[in-house]
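Trainee: This is the structure I want to talk about, given as structure tokens.
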Amino acid sequence: DLWVADADNYDEEYAHIAKREGNFEWFAETGDIGIQEPDCKWYSEIQIRLSMSAGTTVKVWTQYDSDGEWIEQAQLTNEPKGAYTINFHTPKVDHIKIKIGGKGEAKIYSISNYYEHGSEARGNGY
């Protein structure tokens, strides 16, 4: 089988067998973010730069301190190419994971996350 990730940019040699897939569900998940930073932080927003085709929906979820619970933060549908800032507030956590998924064609160019530092005035910083 031949699998082509970008049907518009592939070797012409395979043009006769390559074809576009229909919309399908997909997702990507980060590893732990923030474990290299000191304690007492909270995350305030994620900025995602992406493009999507008509009929595409993209969702963003977060998970805190590997608790196994994914919390939906945003849903984007049929948006033009650009940067989308998703604001949310978390408790003070040690680390976070981000999952982005959807249905349809989308290209994710970058993901940035912003966090604030706190103090340890409230016990262990969480």
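Trainee: Can you find a residue that is open to solvent by less than 40 Å² (accessible area, probe 1.4 Å), over 8 Å from Tyr43 (Cα atoms) and not small (Gly, Ala, Ser) anywhere in the stretch 105-113?
Mentor: no
Trainee: So, one more: Report the residue count in the stretch 114-126 for those that are modelled with pLDDT under 60 and surrounded by 12 or more Cβ atoms within 10 Å (Cβ to Cβ).
Mentor: Selection size over the stretch 114-126: 2.
Trainee: So in the stretch 82-98, with the set limited to residues that are among the charged types (D, E, K, R) and at pLDDT 80 or above, which one is nearest to Gly55 (Cα to Cα)?
Mentor: The selected residue is Lys97.
Trainee: Among the residues that make up the stretch 57-74, is at least one of them surrounded by fewer than 16 Cβ atoms within 10 Å (Cβ to Cβ) and among the hydroxyl-bearing types (Ser, Thr, Tyr)?
Mentor: Yes: one or more hits.
Trainee: Out of the residues in the stretch 59-68 meeting the condition of being over 9 Å from the mean Cα position of the chain (by Cα) and not in a loop (DSSP other than H, G, I, E, B), tell me which one is modelled with the highest pLDDT.
Mentor: Selected residue: Gln63.
Trainee: Test Ile86 against the stated conditions and say whether it is in contact (Cβ under 8 Å) with a residue 60 or more places away in the chain and surrounded by 11 or more Cβ atoms within 10 Å (Cβ to Cβ).
Mentor: It is false that Ile86 is in contact (Cβ under 8 Å) with a residue 60 or more places away in the chain and surrounded by 11 or more Cβ atoms within 10 Å (Cβ to Cβ).
The values are calculated or read from the model by the stated rules, or taken from the named source; none is laboratory data. Here the structure is a predicted model, which means the values were calculated and not measured. Neighbour counts are summed over all protein chains in view; Cβ atoms, including those assigned to glycine, are modelled from backbone coordinates with ideal geometry. Each accessible area value is taken on the protein alone, full model and side chains, heavy atoms only, with ligands, DNA and RNA left out. Shrake-Rupley method; radii C 1.70, N 1.55, O 1.52, S 1.80 Å.
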